[in-house]
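Let me begin by presenting the structure, written as structure tokens, before commenting on it.
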Amino acid sequence: MLATGRALRRVLDAVYLAGGVVAALFTVAILVLIVLQMLARWTGQVFPGATDYAGYCMAGASFFAFAYALNHGAHIRVSILLNALGKHRRWLEIWCFAIGTAASTYFAWYAVRGTYWSWKLQDISQGLDATPIWIPQLSMAAGTVLLALCFWDHLVRLLVTGSHGIKTDLIDQSHAE
């Protein structure tokens, strides 16, 4: 049982890291699109839809980064209140993770559902690119599902082990000069 839990932990952490890598790739894609658009303007060419594609990549970068950021403690948390509760801190953390889990699951459900309906209705974007809108919506749907999975992971972990396991990547600044 313990070995299975460790294996599952490694798989989930790898999935969250993969989401972070995909977010980084989307960010690089934004840079490439902007540079290509600049080159097109300088050479008198037209790159129709470049702004729309950059927007799609921005959404992809944001949504894929959510789970990675949550897993590494990069989301805003009110630690002052949590620390002030002392021994009752766990109950507030459970409540917060339950609310986050419910909200992210709700959002993931409707993101997937919206993407499905955009595909089914053959909806296209209104920009110059005329892209089937379900294609960029896939990144939002996948990112929200990944975020919901991350919230479920940490909520169950908190309930079972008493610790959510979120580790902050911040360097202790009390020793910095």
Note to self: with every protein chain in place and a 1.4 Å probe, the range 1-118 gives an accessible area per residue in Å² of 66
Suppose every Lys and Arg Cβ carries +1 and every Asp and Glu Cβ carries -1, with no other charges. What dipole size does the chain come out with about its Cα centre, to the nearest 20 debye? 560
Stretched out fully, how many nm does the piece from D13 to R89 gain, at 0.36 nm a residue minus the Cα gap? 24.9 nm
Taking H placed 1.01 Å from N in the peptide plane, check which residues at least 5 places from I124 or on another chain put their amide H under 5 Å from its amide H. I133
How much length is gained if the chain between S163 and A40 is pulled fully straight, taking 0.36 nm per residue apart and subtracting their Cα-Cα distance, in nm to one decimal? 39.0 nm
Which angle between 0 and 90 degrees, to the nearest 10, do you get for helix 2-42 versus the longest principal axis of the chain when only C-alpha atoms count? 30
Among (1) 27, 19, 14; (2) 37, 21, 14; (3) 21, 20, 15, find the value of semi-axes √(5λ) of the Cα gyration tensor in Å that was calculated from the structure presented, and write down its label. (2)
Pair A74, L128: separation of 7 Å Cα→Cβ label points (nm): 3.2
Solvent-accessible area, 1.4 Å probe, carbon plus sulfur percent, for the chain: 71
Per the rule of 0.36 nm per residue minus the C-alpha distance, extending W117 to V156 adds in nm 10.9 nm
Neighbours of Y56 by Cβ distance under 15 Å: Lys/Arg at +1, Asp/Glu at -1, summed charge -3
Take the Cα radius of gyration of the range 36-128 and divide it by 2.2 N^0.38 Å, with N its residue count; two decimals is plenty. 1.67
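The values are calculated or read from the model by the stated rules, or taken from the named source; none is laboratory data. All values reported here derive from a predicted model rather than from experimental measurement. All Cβ positions, even for glycine, are placed from backbone atoms using ideal geometry, and neighbour counts span all protein chains on display. Surface accessibility is based on the protein's heavy atoms, side chains included, excluding ligands, DNA and RNA. Shrake-Rupley method; radii C 1.70, N 1.55, O 1.52, S 1.80 Å.
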